[in-house]
Each structure stands twice: as C-alpha cells, then as structure tokens.
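What follows is a single structure, written as structure tokens, with notes after it.
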Amino acid sequence: MKHSKNTTSRRSFVKKMAAGAALLTTSGPSILIGQNEVRQYFLDREQKISANDHIQIAVIGAGGMGTEDANTALQIPGVKLIAACDLYDGRLELARQRWGKDIFTTRDYREILARPDIDAVIIGTPDHWHKQISVDALNAGKSAYCEKPMVHDVTEGAAVIQAQQKSGKTYQVGSQGLSSLGNEKAKELYESGAIGQLIYAEGFWARNSPVGAWQYAIPPDASKETVDWDRYISNTTKRDFDPLRFFRWRNYRDYGTGVSGDLFVHLFSSLHFVISSIGPNKIMATGGLRYWKDGREVPDVLLGMFDYPETKAHPAFNLSLRVNFVDGTSGSTYLRMVGSEGAMDVTWDDVYLRKNLTSDPMDAFLEEKANEMDKALSERKRMLPPAEAHYTVEKGYKGAHYDHFTNFFNGVRNGKKVVEDASFGFRAAAPALLCNDSFFEEKTVRWDPVNMKRVG
C-alpha cells in the first residue's frame with residue numbers, strides 16, 4: 001500500500017520549506033549553530049473564544065491535578081466554578097479559600113451531578129474512579145473533562161464511549177499536550193511528507209524528584225474522620241484506612257495505573273494525533289522497582305515496545321517508550337519520529353525537524369567515481385548533513401493546557417467535536433494499560449485497535 005500523503009520527495013519538501021508553507025502562523029530568522037544552518041520559526045495561533053455563553057463548572061477531585069485543571073479552566077472567558085467535591089475535608093476547605101467561601105462543597109459527587117445549574121465537570125480523581133464518574137456525569141446530562149488515563153482497566157472503555165454517544169455531550173480526556181502548538185505543527189509536517197515514510201518512533205520521560213515520583217505529602221490531620229475512606233475503596237479491595245493509599249494513590253494498583261498510565265499515555269496521545277493512528281496491535285514491557293523502594297506496587301523504571309500495523313494513515317512501524325523515576329537530568333521529555341527522509345523531535349512547545357539529504361543523482365563527479373568502482377550510483381548514496389528547522393512557540397504563549405480547555409469549552413458551547421473524545425482517549429489509554437498487563441503477566445499482549453478489545 002502507498003501512503004501518498006507521507007511520500008513527498010526531497011525536492012518538493014525543500015520547495016515548501018523555502019516558501020515557508022505552514023498551516024500555523026510561523027515566522028522567524030535563520031540562526032547558525034556551528035557549521036550547520038538551522039531555520040528557526042516561531043509558532044503562534046489566534047484563539048477565537050466567545051464568552052457570550054456563560055458556563056458553570058464543578059471540580060470532582062480537588063487534589064493537585066484537579067486544582068490545576070480548575071485554575072486553567074477559569075482562565076477561559078465566561079467560565080465560573082461553583083462547586084467542588086473531594087473525599088478529604090482539608091481539600092474542601094482549600095477549595096473554599098481558592099474559589100470563594102460561597103461555592104458548594106461535598107464529599108459525594110452525585111450531589112454535584114444532581115445540580116441543574118452545573119453545565120460541566122472536571123474529573124480529577126484517582127484513576128479507579130474515572131470510568132464510573134464519567135458515565136454518571138454523561139448520563140446526568142453534564143459535559144465532562146476527565147483526567148488521563150480515561151479508565152483504570154481496558155474492560156471499562158466501552159461503557160464511557162457508549163455513555164458519550166448516548167448523551168450527545170462533550171467529553172474530553174485530559175492529555176493536555178495533544179492540543180499543543182508543537183503537536184499541531186508536527187502533524188502538519190508529517191502529513192506534508194517532511195520525514196517520508198514513518199519507520200520508527202520513540203518516546204522518553206524522566207523524573208527524579210520525590211513529588212514527581214508520587215511521594216506526595218501526607219496531611220497531619222489525615223484520619224478516617226477527615227477522609228471518606230469507605231467511599232474511596234467502595235469499588236475496589238476492602239482494607240483498613242491507610243493514608244499512604246489515599247494520598248499517594250499512584251503507587252498502588254488498586255487506584256492508579258503506574259508510570260505507563262500516568263506518562264506513557266501522554267506520548268500515545270501525541271503520537272496518535274500527529275500520525276492519525278488508532279494504536280498498536282502488539283505490546284511488550286519490562287522494567288522494575290529500582291530506586292523508590294517505599295512500599296509501592298508499581299515499577300519506577302518501565303520500557304515498552306509496541307508494533308503498529310499498516311493502516312491508510314501510516315505504514316507498519318515500531319514504537320519504543322521508556323520512563324524512569326531515577327534520573328530526571330539525562331534528557332527532556334520528547335517524542336521522536338524517524339522516517340525514510342528525516343526525523344522529528346516533538347515536545348509540546350517545540351519541533352526539531354532534521355531532513356536527510358543525499359547527493360544529487362545527476363552529480364557527474366559521483367557518477368564517474370561510481371563507474372570507476374563498477375557500481376551503480378543507486379548503490380552509492382551519499383548522506384549529506386541534514387537540513388534542520390526548529391519551530392518553537394512565541395513568548396507569551398499560554399500553553400497546551402489552556403488550549404486544551406479552550407477546545408473543551410468550544411465543544412460545550414457550540415457542539416464542536418473535540419479530538420480527544422472517549423474513543424480517542426480509550427485508544428491512547430489502552431496500550432498504556434496493556435503495557436502494565438504485559439509487565440505483571442510477563443508476556444506479550446495483543447490488542448485489536450479497530451474494535452478496541454484485547455485479543456487472547
């Protein structure tokens with residue numbers, strides 16, 4: 001099968017670069033790095049936001065990420081937070097301090113869903129509650145922004161998809177980098193044929209701080225009186241109150257999804273968006289608990305290998321992902337795509353494009369030398385230094401998180417379809433969750449990305 005949109009020739013691409021062709025606004029000078037000229041362009045967009053329609057929201061799960069989501073959402077014109085839910089009383093008190101003493105607070109999210117004055121909810125709970133609250137919110141007629149991963153287990157995805165389809169409401173998963181200028185530029189470049197046929201991709205994420213490694217602070221007043229522990233564990237294993245399992249929930253399999261569900265899912269979301277993929281069909285993982293030996297049940301080093309089958313959007317290729325909580329200094333987070341004609345390093349704010357160049361087939365000198373060696377010129381490709389281009393965001397860019405919420409509220413206001421809906425969110429979550437299955441089951445896992453089902 002020919003993947004026509006990814007096979008732009010070198011000469012065609014160079015012409016496009018020379019013309020400065022771009023869907024996003026790009027501008028900027030050439031800069032010199034060593035002996036190689038690097039073309040630098042600045043990315044920007046003009047967001048069209050209407051504040052005419054007032055939107056009232058609530059946050060369900062007012063911890064670190066829920067709070068960050070709510071604060072970002074409130075930067076969008078016309079958005080007002082009127083309610084908050086959490087199972088820890090201390091977070092409810094902080095919510096009143098942050099967002100006003102008159103906001104409605106509760107331990108029971110169902111009280112929020114029952115309110116007719118709430119248009120949309122942010123779901124920032126631990127992973128094991130994402131599916132149920134998503135379904136309940138959609139069934140209650142609320143639009144919902146749910147933190148990633150969309151579900152805690154691959155068996156839960158269909159219920160969320162069905163609830164979204166039935167409700168007709170806007171549902172968006174919170175892999176905020178998907179809406180970044182970096183991802184959008186990478187998609188444009190990929191579809192123009194900038195790297196040719198995709199052959200291989202890799203992603204990397206590193207952390208080494210205690211907070212980054214989920215050693216969250218335990219409040220001194222944590223107890224069964226201040227925490228609704230029974231509700232917290234009502235959909236999983238019953239056990240005595242344990243503040244570590246409540247406040248450091250990512251460390252435990254009953255509530256979290258490990259480094260794969262926390263971080264790999266971002267890389268899957270970005271990759272799938274850039275190349276219009278629906279996911280891999282083969283998943284293998286290895287790793288271990290190497291450094292943070294604090295009683296956690298999930299590895300702090302994880303390596304994943306994924307086979308992607310050929311589709312109309314892309315050829316068959318391989319993906320490798322790695323994450324560690326030991327060293328956060330050996331490189332930044334990135335997603336790299338390697339093709340037959342070049343490669344891209346993609347972050348949420350930057351794209352580095354390196355275009356491979358070969359000698360002109362009409363080069364008389366090389367042709368003469370090839371003939372002298374009795375070899376065809378086609379057998380003597382000469383690789384020249386790559387042509388490099390750097391795309392980066394303009395100073396003052398509000399960031400991917402802001403853009404992601406802008407897209408969400410545009411969906412709420414006017415019904416505009418969001419990219420990271422339940423189907424997209426599940427196709428990004430599934431390989432991350434199956435990576436965990438592969439690690440703990442110590443075997444290769446197969447997945448049907450079309451029908452979104454585990455095979456075997």
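A few notes on this one:
- Extension gain for the segment LYS293 to ALA114, taken as residue separation times 0.36 nm less the Cα-Cα distance, is 60.2 nm to one decimal.
- Sorted ascending by nearby beta carbons within 10 Å, beginning with the fewest, ASP254, ASP230 become ASP230, ASP254.
- Put a dot 7 Å past the Cα of VAL450, heading toward its Cβ, do the same for ARG98, and the two dots end up 4.4 nm apart.
- Computed log₁₀ I(q)/I(0) - Debye formula, equal Cα scatterers, no solvent, region 55-177, q 0.12, 0.15, 0.23 Å⁻¹: -0.38, -0.60, -1.43
- Inter-label distance for LYS443 and ASN318, nm, one decimal - labels placed 7 Å from Cα along Cα-to-Cβ: 2.3 nm
- In region 78-179, trypsin sites (Lys or Arg not before Pro) in a DSSP loop with at most 11 other beta-carbon atoms within 10 Å: LYS101
- Protection proxy ranking, peptides 114-123, 409-418, average beta carbon neighbours within 10 Å, highest first: 114-123, 409-418
- Lys/Arg +1, Asp/Glu -1 at C-beta; region 55-177 dipole; positive extreme among PRO126, THR105, SER167: SER167
- Other-chain or far-sequence residues with amide H under 5 Å of LYS148's (modelled H): GLY174, SER175
- Note on ARG107 and GLN197: their simple-model spin labels are 6.1 nm apart, each label 7 Å out from Cα toward Cβ.
- Proximal aspartates and glutamates relative to LYS80, as straight alpha-carbon distance under 12 Å, when same-chain residues fewer than 8 apart are discounted: ASP53, ASP117, ASP119
Here, each number is a calculation from the coordinates, and none is a lab measurement. Treat the numbers as computed from the prediction; the structure is a model and nothing was measured. Every residue, glycine among them, receives a Cβ derived from its backbone with ideal geometry; neighbour counts consider all protein chains shown.
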